[in-house]
């Protein structure tokens, strides 16, 4: 253990990630990770290669600083049973991606602490199983999470291409969720028996092979869905491609941009820049309450770049 820690501290500046007995940060390059992690992982100037599953154990905490870049080998994942804080910045996001073709996502399950993801990019997840056991590129299951200013894209999972929220509490503000695919329900997000607060997100080009191209709630305890943009989400069945409910609890669904007709277009800057053009019909159309105002004090712009956290 002493030797492994010496190698870690000499090769990864300011890192306090600690290996465990079954191989955390063990073997090969000092930038390879596997096993149980805790402490702080700092920007190393290059990617950390996740060669085997990594985890944050119960009552433990892992902090990922701005600029941390994790590349996951095929079939590997991050499981969180303790506390995860991944807080990047607009200039230096925390990046979760595949090292070659795909990986199996972030799974926050029965966690003992609040998971916080801010200014992160989560992409390249593929978790499709014959038994339909895949849940979310980001799964929050019997846990609580706050996700803000993140980009969740290019993922394919059985339930919830972008996110799956199961018996959980989720705050989801100012995220860009695009080009995700679900085999069963919820191209962008799948919810079950959860409390969700979805404010100022952009759901675009998500797809479900069954129902709920944007969001699908199988059942919901409490859902607050305001000031979002839903555009070009699609599904093979289920009618409403924005937000579909199998059964619902208490739902607030208002001040969202919905592409009800073929002519409805939020007028993004481009196909790759989801900021709004000056003449966008989504400008100044969110909830007029002062608490939702844009950083300049004007009425809420719908979508990921509106509201108090919209300046990113």
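Among (1) in contact with a strand residue (DSSP E or B) (Cβ under 7 Å, 6 or more places away or on another chain); (2) in contact (Cβ under 8 Å) with a residue 60 or more places away in the chain; (3) under 26 Å from residue 88 (Cβ atoms), which single condition is residue 306 missing? Of (1) in contact with a strand residue (DSSP E or B) (Cβ under 7 Å, 6 or more places away or on another chain); (2) in contact (Cβ under 8 Å) with a residue 60 or more places away in the chain; (3) under 26 Å from residue 88 (Cβ atoms), only one is false for residue 306: (1). For region 248-306, what are the residues that are modelled with pLDDT under 95, surrounded by fewer than 16 Cβ atoms within 10 Å (Cβ to Cβ) and under 20 Å from residue 205 (Cα atoms)? Correct list: 260, 261, 262, 263.
Meeting the requirement of 1 or more residues that are within 18 Å of residue 119 (Cα to Cα), the strands (runs of 3 or more DSSP E) wholly within region 148-207 are 151-153, 163-166, 169-173, 176-178, 195-199, 202-204.
Region 223-270 holds strands (runs of 3 or more DSSP E) entirely within its bounds, and those carrying 3 or more residues that are closer than 15 Å to residue 285 by Cβ map to 229-231.
Using the structure shown, decide if residue 204 is in contact with a strand residue (DSSP E or B) (Cβ under 7 Å, 6 or more places away or on another chain), in contact (Cβ under 8 Å) with a residue 24 or more places away in the chain and surrounded by fewer than 21 Cβ atoms within 10 Å (Cβ to Cβ). Here the answer is no, as residue 204 does not meet what is asked. Quick check on my filter: what residues within region 38-52 are under 17 Å from residue 99 (Cβ atoms) and either in a strand (DSSP E or B) or in contact with a strand residue (DSSP E or B) (Cβ under 6 Å, 6 or more places away or on another chain) (or both)? Result: 41, 47, 48, 49, 50, 51, 52.
The values are calculated or read from the model by the stated rules, or taken from the named source; none is laboratory data. Note that the coordinates shown come from a computational prediction; the quantities given were computed from them, not determined experimentally. FYI the Cβ positions are ideal-geometry reconstructions off the backbone, even for glycines, and counts take in every protein chain you see.
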